[in-house]
Structure formats: C-alpha cells, structure tokens
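The values are calculated or read from the model by the stated rules, or taken from the named source; none is laboratory data. Since the model is a prediction, treat every value here as computed from it, not as a measurement. Backbone-built Cβ (ideal geometry, glycine too); neighbour counts: all protein chains shown.
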Amino acid sequence: MPIVYGIQKNTDMARFLNTSGVTYHLEELIKGARDRVILISPFLKLNDRIKELLTDKDRLKIDVRIVYGKSELAPAEVEWLKGMRFVRTSFCKNLHAKCYLSEEACIVTSLNLYEFSQVNNNEMGILVTRTQDPELYRDVYEEAQRLIRVSEEVRISMERVEPAGQDDAPDAEAGFEKLTTAKLAAKLGMSTKDLFDKLLALGLVELKAEHPNRHYITPAGKQAGGEWRPGAGGGYLLWPAALQLSDR
C-alpha cells in the first residue's frame, strides 16, 4: 500500500491498531509530518527513537507541541527539551487523554508517551487520516487545540517557577529572602524577559552558544546573591528580593 506522509492508505474510514501498531504508526506520523506535530500524553518519558524523530523535526523548524499531565518531568526529558527550539511543552491539569496528531493523521489511543508503556503494556488505538475521514479528523484536531489552549505552557530553560511558598521562604544560609526570576520580575513590575535582559546587561547572567535560550548565572551573579538550584523542571535561578539593578 502506498505511503502518504508516513501513514498507510486504507479503504476503511478509521483503522484499529494494537500495541505494536500504535507504536509503528506513531513513529510514521512524526516522521511524515511536514507542518506540525501535536503529542498529548499524561506521562512523558520518551524513548530514543521518538527523541531522534522529534530532534529531526526541530532541525527542520517544524512546530511540535507536547501536552503532558504530570507535574514532574524526568531529568532526561528536561535536558533533552532544553536543546529544542521548536518543541514547546504545556502542562494540562487532570489530563488523561492520549492523542497524537500531524497535519495529515491522528491516533487516539490508550498508549502514554512513556517508554515503559510501549514495551510492557497491552494497548490499542484508532488511526484516522484527514483525507479518508476529514470530519472525524477535524473533531480530534479541534479537541487537541482546546487542550493546548487550557494548558499552561512550560518554558524549559534555566528558570522554573515553583509553586508559591516553596522558593519564597527566607534562605537560612544567606540570611535574606530569595525569589525566582519570574517572581522578582513581578515584584519589580517588569516582565520576566525584561528582567533577564537587565540581568544580561549587568553581567549577572549570560547566554551560551550551545543553549542560546538558556540563562546561566555568572560569577558576578553569584556575588550579587543569585544562585542556581536543581528542580523538577530542570532547575531555576533564585535572586535576593532586594537585588539592586542599578548599573554597576
């Protein structure tokens, strides 16, 4: 049977998939995408093959949206996501749906985007192509877009905003209150981006070629009381609540 955007044509309106079928067609769906990829899964722990395919999409500047439903990402996922420029992640509270889409096809399934599930679980799913069943594909696509809209986009970078009360407590060692970059920006009436620009101008943080969207604290930033702390989203920067931003 001929291949169209990585999906096999079939005379049926929708096609039933078992565990191996879901895994195969998920890879083909990502491989064949030319415009967009949407991956919706409560659990997120990608196997090497999926990462390889998504990395290729990132090189081609294809928009990839990943919506997940568990508050903590595994460190391996965080490190990989930091290097991706066109892969965006969003957190959706109470997410239980598992759905994977390209501009040409979608898979609605029981399979999480989780390496263990793909190897050990008995799963099933339905493959729908836009050309064979445009109405059903549109319904799935519109629901996927709704989940993206109600999700909170997570910026995988040097900074991670922790829940209120966890990183605002007085720092016993330093002797003063410390805030994340986002909370310090809010306190100062600035956007997080503007604050990062100011910190860059003051030499308190820097950008590196290998991760151009990630801010690294400098020796001057540490001397000013800033610090890097590891966290569930990879880590975040803390700054004294009374940080002086006047030109040095």
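Within segment 45-90, can you find the residues that are surrounded by fewer than 20 Cβ atoms within 10 Å (Cβ to Cβ) and within 13 Å of Y114 (Cα to Cα)?
Answer for segment 45-90, where residues must be surrounded by fewer than 20 Cβ atoms within 10 Å (Cβ to Cβ) and within 13 Å of Y114 (Cα to Cα): K45, N47, D48, R49, I50, K51, K70, A74, A76.
Please identify the pairs in which a residue from segment 169-194 that is under 17 Å from G221 (Cα atoms) has its Cβ atom under 7 Å from the Cβ atom of a residue that is basic (K, R) and at pLDDT below 85, counting only partners at least 6 apart or on another chain.
What qualifies is D171/K178; L179/K187.
How many residues are touching a His at 6+ places or on another chain (Cβ under 8 Å) and of a type in the set (G, A, S) if we restrict to segment 25-75? Lay out the reasoning, then the answer.
To start, the set of residues in segment 25-75 that are touching a His at 6+ places or on another chain (Cβ under 8 Å) comprises 42, 69.
Those still in the list that are of a type in the set (G, A, S) too: 69.
Matching residues across segment 25-75 total 1.
Every residue in segment 127-140 that is in contact (Cβ under 8 Å) with a residue 12 or more places away in the chain and out of contact with any helix residue (DSSP H, G or I) (no Cβ under 9 Å at 6 or more places or on another chain), please.
Q132, D133, L136, Y137, V140
Determine which single condition M84 fails, assuming it passes every other condition in (1) in a loop (DSSP other than H, G, I, E, B); (2) modelled with pLDDT under 85.
Single failed check for M84: (2).
Would you mind finding the one in I62, I7, I30 that is of a type in the set (V, I, T) and either modelled with pLDDT of 95 or more or farther than 22 Å from R138 by Cα (or both)?
The conditions single out I30.
Out of segment 230-244, which residues are touching a Leu at 6+ places or on another chain (Cβ under 7 Å), in a loop (DSSP other than H, G, I, E, B) and either outside the structural domain of P219 (by TED's automatic domain parsing) or modelled with pLDDT of 65 or more (or both)?
A241, L243
Which residue out of V108, V37 is closer than 23 Å to R146 by Cβ and free of Cβ contacts under 8 Å to residues at least 40 places away in the same chain?
Numbers: V37 fails: free of Cβ contacts under 8 Å to residues at least 40 places away in the same chain.
So the residue among V108, V37 that is closer than 23 Å to R146 by Cβ and free of Cβ contacts under 8 Å to residues at least 40 places away in the same chain is V108.
Being assigned to a strand (DSSP E or B) and either out of contact with any helix residue (DSSP H, G or I) (no Cβ under 6 Å at 6 or more places or on another chain) or of a type outside the set (K, R) (or both): is that true of R34 here?
no
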